[in-house]
1. May I ask you to verify whether I140 is open to solvent by less than 20 Å² (accessible area, probe 1.4 Å) and either in contact with a strand residue (DSSP E or B) (Cβ under 8 Å, 6 or more places away or on another chain) or among the hydrophobic types (A, V, I, L, M, F, W, C) (or both)?
2. Within region 100-109, does at least one residue satisfy the condition of being of a type in the set (D, E) and exposed (fewer than 15 other Cβ atoms within 10 Å of the Cβ)?
3. So, in region 52-78, of the ones that are of a type in the set (F, W, Y) and either modelled with pLDDT under 95 or part of a loop (DSSP other than H, G, I, E, B) (or both), which residue ends up nearest to V125 (Cα to Cα)?
4. When you check F90 against the structure, is it touching a residue at least 60 places away in the same chain (Cβ under 8 Å), in a loop (DSSP other than H, G, I, E, B) and either surrounded by 13 or more Cβ atoms within 10 Å (Cβ to Cβ) or touching a helix residue (DSSP H, G or I) at 6+ places or on another chain (Cβ under 9 Å) (or both), yes or no?
5. Report, by residue number, each residue of region 150-172 that is crowded, with 19+ Cβ neighbours inside 10 Å, more than 13 Å from the chain's Cα centre (by Cα) and within 23 Å of K120 (Cβ to Cβ).
6. Return yes when F95 is without any contact (Cβ under 8 Å) to a residue 40 or more places away in the chain, more than 28 Å from S30 (Cβ to Cβ) and either surrounded by 20 or more Cβ atoms within 10 Å (Cβ to Cβ) or in contact with a Lys or Arg (Cβ under 7 Å, 6 or more places away or on another chain) (or both) and no when it is not.
7. Taking the residues in region 199-209 that are open to solvent by 60 Å² or more (accessible area, probe 1.4 Å) and touching a residue at least 12 places away in the same chain (Cβ under 8 Å) as candidates, determine which candidate is farthest from the chain's Cα centre (by Cα).
8. Can you list residue pairs whose Cβ atoms sit under 7 Å apart, with the first residue in region 38-49 being open to solvent by 30 Å² or more (accessible area, probe 1.4 Å) and the second being part of a strand (DSSP E or B) and among the hydroxyl-bearing types (S, T, Y)? Count only pairs 6 or more apart in sequence or on different chains.
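The values are calculated or read from the model by the stated rules, or taken from the named source; none is laboratory data. What you see is a predicted model, and the numbers here were worked out from it, not measured in a lab. Reconstructed Cβ throughout: ideal geometry from the backbone, glycine too, with neighbour counts over all protein chains shown. Just so you know, the surface numbers come from the protein's heavy atoms only, side chains and all, with ligands and any DNA or RNA stripped out. Shrake-Rupley method; radii C 1.70, N 1.55, O 1.52, S 1.80 Å.
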Amino acid sequence: MGFRSPLNLHPSALIRAKRREKRPRVAIKSDRWIRRQAVDHGMISPFSEKQVREGVISYGLSSYGYDLRVSDEFKIFTNVNSAIIDPKAFDERSFVTVVADSVIVPPNSFALARSIEYFKIPRDVLTICVGKSTYARCGIIVNVTPFEPEWEGFVTLEISNTTPLPARIYANEGLCQILFFQSDEMCEVSYADRKGKYQKQQGIVLPKL
């Protein structure tokens, strides 16, 4: 079969090709892009441009993401005070605060922490977070909601121990990986535009209504 140029395509095939060209392209960003944004625009601070691995749970720049570190302050949930978890009226008696190089999360329990890094997200970028396999293989799940366009602040990290055993979390080491996705156009309203309630958050920020 001979080569068919676009001019020789059947009209329906040409329409399909044009539709493919018009489809929005949302790309995951590479280590080169992440490095430029961090160094030139302060997207991540402090920024480790290489993966630090020896003797620690790894953190820093990876091929298509960035492994953030967890700080040494943790809020560990407890039922000692028989408090009820209510996202509309959060009771601070629900947890105890611990500052340490490592912390024990009780079985089937939960902790809040914060990132060492401060993030400033570009207007055309959205991130998602995935847990590191080192912790995931121990039954420790990290949940972080997306960083929205033009959000900035330290990240409040949610750590779940899904096992029936106590679990140790290490401060100043890697906890989860952030993936950056860039849209084909700027959003109409960013997180900063709508004055999001978690904008420029410092420390571990509790639920807000």
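1. Working: open to solvent by less than 20 Å² (accessible area, probe 1.4 Å): yes; either in contact with a strand residue (DSSP E or B) (Cβ under 8 Å, 6 or more places away or on another chain) or among the hydrophobic types (A, V, I, L, M, F, W, C) (or both): yes.
So I140 passes the test.
2. Going residue by residue through region 100-109, those that are of a type in the set (D, E) are 101.
In the following step, the residues that additionally are exposed (fewer than 15 other Cβ atoms within 10 Å of the Cβ) were identified as 101.
Yes, some residue in region 100-109 is of a type in the set (D, E) and exposed (fewer than 15 other Cβ atoms within 10 Å of the Cβ).
3. First, pick out the residues of region 52-78 that are of a type in the set (F, W, Y): 59, 64, 66, 74, 77.
So of that shortlist, the ones also either modelled with pLDDT under 95 or part of a loop (DSSP other than H, G, I, E, B) (or both) come out as 64, 77.
Numbers: Y64: 14, F77: 33 Å.
So the residue we want is Y64.
4. Numbers: touching a residue at least 60 places away in the same chain (Cβ under 8 Å): yes; in a loop (DSSP other than H, G, I, E, B): yes; either surrounded by 13 or more Cβ atoms within 10 Å (Cβ to Cβ) or touching a helix residue (DSSP H, G or I) at 6+ places or on another chain (Cβ under 9 Å) (or both): yes.
Here the answer is yes, as F90 does meet what is asked.
5. Matches in region 150-172: E150 only.
6. Details: without any contact (Cβ under 8 Å) to a residue 40 or more places away in the chain: yes; more than 28 Å from S30 (Cβ to Cβ): yes; either surrounded by 20 or more Cβ atoms within 10 Å (Cβ to Cβ) or in contact with a Lys or Arg (Cβ under 7 Å, 6 or more places away or on another chain) (or both): yes.
For F95, the condition - without any contact (Cβ under 8 Å) to a residue 40 or more places away in the chain, more than 28 Å from S30 (Cβ to Cβ) and either surrounded by 20 or more Cβ atoms within 10 Å (Cβ to Cβ) or in contact with a Lys or Arg (Cβ under 7 Å, 6 or more places away or on another chain) (or both) - is met.
7. Step one: of region 199-209, the residues open to solvent by 60 Å² or more (accessible area, probe 1.4 Å) are 200, 202, 208-209.
Retained after the next criterion (residues that are touching a residue at least 12 places away in the same chain (Cβ under 8 Å)): 200, 202, 209.
Details: K200: 15, Q202: 16, L209: 21 Å.
Per the criteria, the residue is L209.
8. Every condition considered, the pairs that remain are S45/Y118.
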